[in-house]
1. Explain nothing, just the number: dipole magnitude of the chain about its Cα centre with +1 on each Lys and Arg Cβ and -1 on each Asp and Glu Cβ, in debye rounded to the nearest 20.
2. For region 531-591, what size does the Cα cloud have along each of its three principal axes, sorted from largest down, in whole Å?
3. What is the pair-distance distribution P(r) of region 67-141, computed from all Cα-Cα distances in 10 Å bins starting at 0, with each bin given as a whole percent?
4. For region 580-595 and region 54-72, compute the distance between their C-alpha centroids and round to whole Å.
5. Can you tell me what percent of all Cα-Cα pairs in region 354-443 are more than 20 Å apart?
6. Of the listed pairs Lys43/Lys118; Lys10/Lys109; Lys20/Lys43, which have alpha-carbon separations greater than 24 Å here?
7. Please give, to one decimal in nm, the separation of the simple spin-label points placed at Ser168 and Val523, each 7 Å out from Cα toward the Cβ.
8. Give me the aspartates and glutamates in straight-line cross-link reach of Lys69: C-alpha distance below 16 Å, same-chain residues under 8 apart excluded.
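Every number here is computed from the coordinates shown, using simple stated rules; none is lab data. Everything numeric in this text was worked out from a predicted model, so none of it was measured. So basically every Cβ, Gly included, is an ideal-geometry build from the backbone, and we count neighbours across all protein chains shown.
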Amino acid sequence: MRTQHKRIGKTLLGAGLITKKQLNEALNIQECSRVRLGDIFVKRKVVTRIDLYQALAQANGIPLVDLTKKSGVDPHSLGLDPRELAILGWAPFKISPNKVRVATCHILKDDQRSVIEKRVGRPVHFYLTTEWDLIQYLARAAASGLAELAGYELARNYPDLSAADTTSFEQRIVLAAVAAALVVALVFATRITCAALVVLASVVFLLGITFKLVVSLVGSRASPDSTTDEDLADADLPRYSVLVPLYQEAEVVEGLVAALEALDYPPEKLEILLLMEAGDEETLKAIIRTRPPATITILTVPPGGPNTKPKACNVGLVFATGDLLVIYDAEDRPEPDQLRKVAASFSNLPQEVACIQAALNYHNRNRNMLTRAFTLEYSLWFDYMLKGLDLLGLPIPLGGTSNHFRTGTLRDLGGWDPFNVTEDADLGIRASALGYKVKVIDSTTFEEANSQLSSFVRQRSRWIKGYMQTTIVHMRHPIRLARKVGVVRFLSFLLLVGATPVIFLAVIPLYAVFALSLFEPSVVPLPHWALVVGYIDFFFGNAAIIYLSMIAGYQRGLFELSWVAVLNPIYWLAHSVASYRAMWQLITRPHYWDKTMHGLS
């Protein structure tokens, strides 16, 4: 193997593409990192990808093929799985009666060639191509199969874990019965039914807020045990795949590419896939203008199936070659050492830990009052709530970005649900249900907080709708789920994910009852005892949330935002409006993905 590498180096040296010093430096890096010499040259910007492969072709006597000019052979026609081919690094590109032409991005040994010939069932003529061209080619040639795979595999193989059908038959029967009983009760016992609904909403509100208060206080007093001060040498770092789904993101692409280039990780062990939606020409042009580094590959997501972020991520998962994998959004600015921190943490954690969640916060927090409130909310959620859940061993619903996975485990989990509009939260709960754990780490990815109220309501309605979907999916078999995860973890899921939409739905009615009872008590159809319960809930719940929001920024030194916490009851009104929009969409457009616009700041 080392002889072959020297031949590549000598060929590049003879062609005047590298200097002897660059060759020796690359060989030293290879000795430590244990990666292909060609990857070092390309990803450290010593030579271009095409120059490298021309040298490889010349050194090994293999013709070089330009796959961008080939129409393509669907691997499925030969009984081949594009997922396997993406990992192995080869694909058929032309079929003749007596032979198959195969492109590969590796120099193959004789036994490897024999295996490929057996797989395709006829003699093979081998050609060399770049790994960039091979990925693009496979995505194009196997487009229909990949769209089907990415969009429907989870729903087909595990229908009970997918939100493709919003509710099961049994759930529809139960919901219809409850709705009918509620209508009858409101008609024949209006006063007592209204009182019962207010009390029920108050109890759920109180339990949910109390749960968040307790968990946050636990999280405020300790650090999660998944973090580590140790660092791995470059030789011990695993290969890392970074997936970035993009759709209509031309405004933020320049900052994204700069943030990805700033990642402190050996470039020869880093693979960044920008997942582009077909037809998004503006974003594509913006990416090309940045002249992205060799670590970045642009991958077009095949059309078909649900047009959602999780479907794009599933396509990226097909082509990911890293041992670890992370999701970033277009506006993300992760701390440069985040990948190193997570890799070191995974090396110290058992295999049952499937995912490590980094914290999220905002770089535009002082844009207006909305971004300030949003920053406090995220500081509370990621700096206190998730740490508390981690320390208590409770299920953690993932955030939409900076989820770091063991790639093999993620594939075992079935990837993301393309029909769930909070695929992240769903995946965290699914991992818990299947016996895996999620941990958190002290590293932050900075995002852009939504600074426009209308855009905020659309974004929040999607999140709340996703929590509704996740609750419905995982409550199809509640007894089975409780047995799998335990009663405490089951109740935690209900209070954190299930109760959150109920709490937001209850805000407007509870606020209305409170206001009417003060100014027009005669129109409130509630007995005195129900009003007392509502008052207690109103004051304690709001006081608890104001307190939690007030302390949320302390860990990050955001003391200037503390006063914004007193406006939290108004902030929650926006959530309540979003929750009713979410409920309506759950009925009328359950799988609609309400796109969040970035670049507003």
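1. 1160
2. 43, 35, 15
3. 20, 61, 19
4. 48
5. 37
6. Lys43/Lys118
7. In this crude label model, Ser168 to Val523 measures out at 4.4 nm.
8. Straight-line reach from Lys69, under 16 Å: Glu131, Asp133.
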